[in-house]
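The structure under discussion appears below in the form of structure tokens.
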Amino acid sequence: MNWTRWCLSLSLALATVLAACSRGGSSSASNAAAQFATASAASEPASVNGPIVLVRDQRLLIRARDGTERLLLRTPPNTFPSFPVWSPDGTRVAYVQATLFTGQPGADWGSDIYVAEVSGGEPRLVWKHAQAGEQVQGLAWTPDGKALLLGYLHTRIEGGKYLGQTQRIERLELDGGRRSVLVEGGTFPSLTRDGARMAYLTQDASGQGALWVAGADGSGAVALVSLGPEMPAILGPRVAPDGSAVAFAAPSPRAAVPRPSSAAEAGLHAAHGLPMEVWRVDVASRALTRLTNFKEDEPYPAWTSDGTMLIALGAGGLYEIRPDGSQVRRIGEGSFGGQADVR
């Protein structure tokens, strides 16, 4: 996935995308829903013990094991939540609040980071973009709950002309807001339970890059999966709690480019590209395993805190997935542009 195209196309296509979703969404979402047609449209009880925080439209919801959902918060008009992550103690959720690019000259757009108490109250702003085009691609808590890792992405556009991007992984101290750079060129940081290892993604405007593991400070980086013809895009890598594997979304094998049936679907395909699956790569052997066959739209994965199960939220559904791929079960409704995290 070319991040320049993703960011700009997603923003410009939002109106037609939302219209398409109200009529059934993209073909990849439809494929996923069809494959799991035996599941009820209502939420099913989950096997995972912990609660799930998920994005649906402009809402952050907390889903209990029995499938019931409660509203945690709703973002203001013209802003959208993304990348929610549970704090280590389960009392808070950090998330990104994004104002999308509209193409209007001089319009402000970018990402801010908030922390919300699960018990309620006004979310706390912990980082605000200082200039248009500063975005966040991925969040991770440090084990002590005192800092966040963020994927910083600055897209520079002046006079309607694209001038380039800067991306890096930063550490943000919640007390005082001090920022420090960990990895130049990285996004989508993810930490192990003990905070000793980090997984992240690099990908430049030409599509070159890789999925990496490294020390928490970015040292000793090792490439696990390189981007190329066999793996043209990687989305949302999440390292297992014990550091043994990394789960991520990537295009379905030999996926054909779907032919859009309408202008709305054309906007969806431009923004999202090919349908995706959830994959796992073993850190020690670098062996790749495809865990799903649901041809989903951006199925962001997340590990349970004990590493025994994965969840993934895509446009066609919310799924729980065994790490060996032996079982994939749809347990709830999907959400266009949604992400989720599980305790």
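The values are calculated or read from the model by the stated rules, or taken from the named source; none is laboratory data. As the structure is a prediction and not an experimental result, all values here were calculated from the model. When we count neighbours, we look across all protein chains shown, and the Cβ atoms used for this are built from the backbone with ideal geometry, even at glycine.
Considering segment 279-316 alone, what residues qualify as being in a loop (DSSP other than H, G, I, E, B) and buried (at least 24 other Cβ atoms within 10 Å of the Cβ)? Matches in segment 279-316: F294, K295, D297, E298, P299, A315, G316.
Scoring H269 on the criteria (1) over 20 Å from V342 (Cα atoms); (2) of a type outside the set (D, E); (3) at pLDDT 95 or above leaves a single failure, condition (3). In segment 88-100, the residues that are among the small types (G, A, S) form Cβ pairs under 6 Å with partners that are surrounded by fewer than 24 Cβ atoms within 10 Å (Cβ to Cβ) and in a loop (DSSP other than H, G, I, E, B), at six or more places apart or across chains, as follows: G90/R343. Output the residues belonging to segment 163-206 that are hydrophobic (A, V, I, L, M, F, W, C), within 22 Å of D112 (Cα to Cα) and touching a residue at least 24 places away in the same chain (Cβ under 8 Å). Listed by number, the residues that qualify are I169, L172, L174, L182, V183, F188, L191, L201. Just one of (1) of a type in the set (D, E, K, R); (2) touching a Pro at 6+ places or on another chain (Cβ under 8 Å); (3) farther than 30 Å from T91 by Cα fails for R286. It is (2).
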